[in-house]
Amino acid sequence: QVQLVDSGGGLVQAGGFLRLSCAASGRYTMVWFRQAPGKEREFVAGISWRSGDNTVYADSMRGRFTISRDNDKNTVYLQIDSLKPEDTAVYYCAAAFGAEPGRTGREYQYWGQGTQVTVSS
């Protein structure tokens, strides 16, 4: 059974940063999505279970978002720099067995419970 626990959200001022964590029960291809109030779920970034630079980002997320993983801890991180109020959302991690991070969300059977990020102006 795949288990995911995401954490690290909070209330921060604009311009600040956060590092979200997703602890998994094994080594999987992992992604982050976010969902703001009244909006559809949005792909943020993904990282393959394969070694090497196997990361993908939504075009709008390049630059301020960095996904990484610690394989010893089976944990994936999402660093968000220069936070903006429009980053306010619930951030979810998800896992899949395939090697390529999918972007639609339909590829993922396993999801974390979500962690709230709130950015004040």
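The values are calculated or read from the model by the stated rules, or taken from the named source; none is laboratory data. Treat the numbers as computed from the prediction; the structure is a model and nothing was measured. FYI the Cβ positions are ideal-geometry reconstructions off the backbone, even for glycines, and counts take in every protein chain you see. Note: areas computed on protein heavy atoms with side chains; ligands, DNA, RNA excluded. Shrake-Rupley method; radii C 1.70, N 1.55, O 1.52, S 1.80 Å.
Data for the structure
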quantity	calculated
Residue list for the stretch 64-121, filter: exposed (fewer than 12 other Cβ atoms within 10 Å of the Cβ), under 21 Å from ARG50 (Cα atoms) and not charged (D, E, K, R)	ASN71, ALA99, THR104, GLN109
Cross-chain or 6+ apart pairs with Cβ under 9 Å, the stretch 76-91 first and under 11 Å from VAL119 (Cα atoms), then open to solvent by 30 Å² or more (accessible area, probe 1.4 Å) and at pLDDT below 95	SER82/GLY63; LYS84/SER121; PRO85/SER121; THR88/PRO37; ALA89/PRO37
Condition met for ALA23 (closer than 18 Å to ALA96 by Cβ and touching a residue at least 40 places away in the same chain (Cβ under 8 Å))	yes
Residue list for the stretch 1-38, restricted to those being over 12 Å from the mean Cα position of the chain (by Cα) and polar (S, T, N, Q)	GLN1, GLN3, GLN13, SER25
In the stretch 39-63, residue farthest from ALA23 (Cα to Cα) [restricted to those that are part of a loop (DSSP other than H, G, I, E, B) and open to solvent by less than 20 Å² (accessible area, probe 1.4 Å)]	ALA58
